[in-house]
1. If you project the alpha carbons of region A:23-103 onto their three principal axes, what span does each projection cover, largest first, in Å?
2. Quick one: 3J(HN,Hα) in Hz for region B:77-88, Karplus 6.51/-1.76/1.60 with θ = phi - 60°, rounded, Gly and Pro as x.
3. So if I place +1 on the C-beta of Lys and Arg and -1 on the C-beta of Asp and Glu, and nothing else carries charge, what would the dipole magnitude of chain B be about its Cα centre? I want it in debye, nearest 20.
4. Cα axis of helix B:150-166 to longest principal axis of chain B: angle in degrees, 0 to 90, nearest 10?
5. Give or take rounding to whole Å, what are the principal axis extents of the alpha carbon atoms in region B:124-203, in descending order?
6. What order, most packed first, do the peptides B:4-17, A:58-71, B:169-182 have when packing is the mean number of other Cβ atoms within 10 Å of each residue?
7. Which value at 222 nm does chain B reach when only helices count, each DSSP H run of 4 or more adding -39,500 (n - 2.57), with the total divided by all residues and rounded to the nearest 500 deg cm²/dmol?
8. Using only the alpha-carbon atoms, how far is helix A:56-71 inclined from the longest principal axis of chain A? Give it as 0 to 90 degrees, nearest 10.
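Every read-out reported here was derived from the displayed coordinates using simple, explicitly stated rules and does not represent laboratory data. As the structure is a computational prediction, the values presented were derived from the model and not from experiment. Cβ sites come from the backbone with ideal geometry, for glycine too, and all protein chains shown count toward neighbours.
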Amino acid sequence: MQLVTDRKNTERPGLVLAGRFDAFETDAFREAADALLAQGSSSISVDMSDVIFVDSSGLSELVRTMKHCREAGGELYINSPSDPVRVIFELTRLDAAFTIVDA
Amino acid sequence: MITSDLPAYRVWAEQPLTQPPKYSVVIPAYNEAERILPTVGAIAVHMSSLGEPWELIVADDGSTDDTVDLLQALELANLHVLIAERNGGKGSAVRRGVFAARGDVVLFADADQSTPIEQFGDLLATIERGHDVAIGSRAADGAAVANKSMLRKVLSKGLNLLVRFGFGVPFADTQCGFKMFTSEAAETLFTYQIVDQFSFDLEILYLAQNRFDMKVAEVPVEWIDAPGSTVDATKVAIEFLRDMCQIKWFDIRGRYARANHVRPAPSHHLRAIAS
């Protein structure tokens, strides 16, 4: 998986993911998300337009980050999820929990 | 212009097929409640994007967790869940799935997406070139393997040498959980199958190669070791050796001279799908 932190939007910095988001990748994601929260961001955007697969570990990590954002008074935004990611959200009923933003 | 695969997926998810499927995908599942839904999602989107009628069959293997309930709650029109009363082994689950499959081409794929479904086309191209069986291979030239432990690499290599030179199955990887068959080859091979456990793939390839003289090709695939795998590599290696001897013994004793299973008749088959 590729993970890039995008700080251009200071109100809502972003994490751009690509590839496969599974248990091998969650540590890197958590480190990046926690760093943004520690720097004072309460909202984070996660671009998942180029993610081809997310497993239960990746989903758990997104839920965890969403909770931390909300505890800080903000929100986790999922930007333009790819088709498989969108369907995985639907099948796991997480589409109702996440704030999904389409470009 | 970016095209979306979602409309095709929605049709597949909501409208039962009105014609026989061209492709069947069989997933054996034992206590896969944590992993099965993302796998179904990824497979459903990719397969629907191909533009051909297809069906997904999950052959439960006596799961004691919520695997079956989760799948049935999806209410996907072309997902069929086969329920087993007890755990009979991966080989028995795949056989039930293959016997229920109606497609011209049958793929069996592991529940963990360790071989991404995007490799379907590579195996299909091999079948369309006239092969009876196309097997995903983590050891063929061009394969990409990620996160496999050193112990598993060493055991795989050692066992493969035995398989190739002591067992008469000339493939670099017999155990990858991503194999495609023509419907005729699938029915024949699984009718003669005896081994219900982990090594059933080895038996299937042994039969294809040594009893039925089928055209089998290895296709290099991308493979990512499934996080959270509970497979004990050493234990599995010992069982594999035992099964290898057993398959030879079955052959010597003539156990492959006759069919060992009967594919259920269509009416029974439809009831099984409905369950």
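1. So the extents along the principal axes, rounded to whole Å, are 32, 26, 20.
2. Here the 3J(HN,Hα) series is 4, 10, 9, 10, 10, 9, 9, 10, 5, 9, 6, x Hz.
3. Values: 26 positive and 35 negative charges, 205 e Å.
With only Lys, Arg, Asp and Glu charged at Cβ, the dipole is about 980 debye.
4. Taking Cα atoms only, the helix is inclined about 60 degrees.
5. Principal extents (Cα only, largest first): 38, 29, 22 Å.
6. Values: B:4-17: 15.2, A:58-71: 18.2, B:169-182: 22.9.
Descending mean neighbour count gives B:169-182, A:58-71, B:4-17.
7. On the way: 10 runs with 114 residues, N = 275.
It comes out at -12500 deg cm²/dmol, rounded to the nearest 500.
8. Tilt relative to chain A: about 30 degrees.
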